[in-house]
Amino acid sequence: MTAVSQTRGAARIHAAFAEAQAQGRAAFIPFMTAGYPSAAEFPAVADALLSRADLLEVGIPYSDPLGDGPTIQRASEKALDGGTSTRRTLQLVADLRVRHDKPIVIMTYVNPIYAVGPREFMRLAQAAGVDGLILPDLPPDQDIEIAALAEEYGLAVTFLIAPTSTPARVRLVAEACTGFLYAVSVTGVTGTREGAALNEVPAMLALARQFAHVPIAVGFGVKDAATASQVAQQADGVVVGSAFINAVRDGQDVGALAAEIAEGCRKL
Amino acid sequence: MTLKLSDLTLLLPDYPQPDPRGRFGRFGGRYVPETLIPALDELEEAYRNAKKDPSFLNELDRLLREFVGRPSPLYLAQRLTDYAGGAKIYLKREDFNYTGAHKINNCLAQGLLAVRMGKKRVVAETGAGQHGVASATAAALLGLDCVVYMGAEDIRRQELNVFRMKLLGAEVREVTSGTKTLKDATNEAIRDWVTNVRDTFYILGSVVGPHPYPAMVRDFQSIIGEETKVQLEALEGRQAPDAIVACVGGGSNAIGIFAPYAYLPAHQRPRLIGTEAAGEGVHTGKHAASVAGGRVGVLHGSLMYLLNDDEGQIVPPHSISAGLDYPGIGPEHCFYSETGLAEYVPVTDAQALEALSLLTRLEGILPALESAHAIYHAVELARELGPDGIIVVNLSGRGDKDVSEVMRLLDLEKLNTEKHDAHVAVAEKVEVIA
């Protein structure tokens, strides 16, 4: 892994991965939908996650999140009902920036970017202190303008690979990433699964390592310390989303769950 | 050169759009999770080969003739023409197709492609139920497992079609997320496909979605326009009418009749007019008119005109017709609109209901609520074009499926003086010329 891209956001993200690596851990990357369970309660949830996270992934709630399972979709609906949308999400991130220095990346479908206007979106994201973007419905060869604009505004970009990705696709996606590479552990949408099969991860990572010049994180279906540990032995980072949404929904102690999973990210 | 229908073997023409990246101008593309990209590449390759393979084309041609009942008639609606008092109005009778609408053309073709690709399971989305019924029918015929996603609201509106799908052996999965209509059913079908992509074929019902779907569905539906050329030549001595009118939700029936004409030189090209569902009026916000009332955005894998707010959230569409109740419009239509190859006009719920009553009373043809939108505009246009003109309306489907919904709406209207008066006015107009 050699650092190629050096936007401000990329440098901060790479540093966070390097710091975790130095401590013998995979980077722990919790996800939370902005404005969930409400705009008022979100900051406390984010604080709890950030106390253990190496990076925080914040999702812009979206009406039609077709890459997500029911857990994140319902969280999005609730956040939207509470008035959290694109600009409000960026404001929530700006508020977090006052208290936290860890990298924060935004997960968004492309439509909100188009609606706000790509340049205006990047300007707002930069002003809010966002470090990078994760774009689940934007294969890198679809729209090179978005990535170029992100770079112009100092934001790193993360694209996704999946177990179905051919070597040529893995190469194309890996080379386009400037933040980290997001490897989707299963064919499917986000969500915790009973007996999540992570058996396709090693081959996918072996392929990705040939091309990636950025750290590689694995997500989808990682729900607890045990699955996190399994992933952490192979990847540079572990993304956990739906498990935290469920915890918030059920009124569980999010900080305690974060601590548990963060501990699971230790490389053995 | 005069072509006869008996000579017309299945044509899947090569159109100049989309470009190799699946773009119609700036519209279209593949905005989907990376998981699906290899499946779309595989589909594109399989389709490209099938399109050139005589065994595939012959089998599809045979099914379209013997199973669907093609060619569908091109019918001069004389009493409607007299009523309108202008151009001749012809109806391309896709309502004659087995299962009741143009949807079956595409479903059989995609079903054959699924078999060819070795897939055993198909998924589909449906709004009005016509695409669901057609998918279930194709699956039954071809021995494929079939799951159809349908919004809870549409299940209520189209009870009969739900039962038909179940009779055909399909599993109908109720979608309760979002607006509980077609867009959400489409989200769920795509999620299913993302999850089961290795052994599942997604039969997409309109000219929307990621490349190659808009191009492939267009090609499969272009038989409507190809037949029209031959039939009009026989009836009127010319292949192109002055205007073609078709309703547009996603836009597959419209593309099917437009595309064989759209890329002709300008002097040979008829006016191509798509009628969008204006619901209660574009100004009210309760409509499904993506060209008139939308802006460019991305949904279901494609860049297109879309009903979405200024932060990119999809605005729920509204139409009396479940089949037009979709917040976007196919990328090729967006390209036609932007380049002036076609025009798109809004038609309201009330106008569509009026046209449905009119056609039924005058011609004994009960059109689908979708098609009624096109009929309404054709009557207006006939007056504008005058008696020398010829209009072809794509009658995309029959109205059997809508009977209970229309009954409910007309009953409601009795409680609504204003709407009731409007309806009486139509009935009286019909009486006068009857």
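Only a single criterion out of (1) farther than 22 Å from A:T89 by Cα; (2) polar (S, T, N, Q); (3) within 14 Å of another protein chain (Cβ to nearest Cβ) is not satisfied by A:T158, namely (1). Here A:I245 fulfils each of the conditions (1) closer than 16 Å to A:M32 by Cβ; (2) more than 15 Å from the chain's Cα centre (by Cα) apart from (2). The set of residues in the stretch B:295-317 that are part of a loop (DSSP other than H, G, I, E, B), at the interface with chain A (Cβ under 8 Å from one of its Cβ atoms), over 18 Å from the mean Cα position of the chain (by Cα) and surrounded by 24 or more Cβ atoms within 10 Å (Cβ to Cβ) comprises B:G301, B:G312.
Are any residues in the stretch A:151-174 in a helix (DSSP H, G or I) and in contact (Cβ under 8 Å) with a residue 60 or more places away in the chain, and if so, which ones? Hit for the stretch A:151-174 is A:E151, nothing else.
Scanning the stretch B:181-216 for residues that are of a type outside the set (A, V, I, L, M, F, W, C), under 27 Å from A:A162 (Cβ atoms) and outside any helix (DSSP H, G or I) turns up B:N196, B:R198, B:D199, B:T200, B:Y202, B:G205, B:S206, B:G209, B:P210, B:H211, B:P212. Considering B:E354, B:E280, B:E343, B:E370, the condition of being crowded, with 24+ Cβ neighbours inside 10 Å, touching a residue at least 12 places away in the same chain (Cβ under 8 Å) and among the acidic types (D, E) is satisfied by B:E370 alone.
Scanning the stretch B:264-294 for residues that are within 14 Å of chain A (Cβ to nearest Cβ) and either modelled with pLDDT under 95 or assigned to a loop (DSSP other than H, G, I, E, B) (or both) yields one hit, B:G294.
In the stretch B:131-159, the residue that is surrounded by the most Cβ atoms within 10 Å (Cβ to Cβ) out of those that are under 18 Å from B:N97 (Cα atoms) and not aliphatic (A, V, I, L, M) is B:S135.
When you scan the stretch A:75-116, how many residues do you find that are touching a residue at least 40 places away in the same chain (Cβ under 8 Å), under 24 Å from B:L306 (Cα atoms) and charged (D, E, K, R)? The total comes to 2.
Screening the stretch A:34-129 for helices (runs of 4 or more DSSP H) wholly inside it with 3 or more residues that are at pLDDT 95 or above and within 12 Å of chain B (Cβ to nearest Cβ) returns the ranges A:70-81, A:86-99, A:110-116, A:118-128. From the residues in the stretch B:9-66 that are in a strand (DSSP E or B) and on the phi < 0 side of the Ramachandran plot, which one is farthest from the other protein chains (Cβ to nearest Cβ)? Applying the filter and picking the extreme gives B:F24.
Of all residues in the stretch B:33-87, those satisfying the criterion of being of a type in the set (G, A, S), within 24 Å of B:A140 (Cβ to Cβ) and touching a helix residue (DSSP H, G or I) at 6+ places or on another chain (Cβ under 7 Å) are B:A46, B:A50, B:G69, B:S72. The sole residue among B:V230, B:V245 that is surrounded by fewer than 24 Cβ atoms within 10 Å (Cβ to Cβ), outside any loop (DSSP other than H, G, I, E, B) and β-branched (V, I, T) is B:V230. Annotation note: of B:V162, B:V175, B:V208, the sole residue that is more than 19 Å from B:A136 (Cα to Cα) and either surrounded by 22 or more Cβ atoms within 10 Å (Cβ to Cβ) or out of contact with any strand residue (DSSP E or B) (no Cβ under 9 Å at 6 or more places or on another chain) (or both) is B:V208.
The values are calculated or read from the model by the stated rules, or taken from the named source; none is laboratory data. This structure is a prediction, so every number in the text was calculated from the model and none was measured. Glycine gets a Cβ as well: all are built from the backbone with ideal geometry, and neighbour counts include every protein chain shown.
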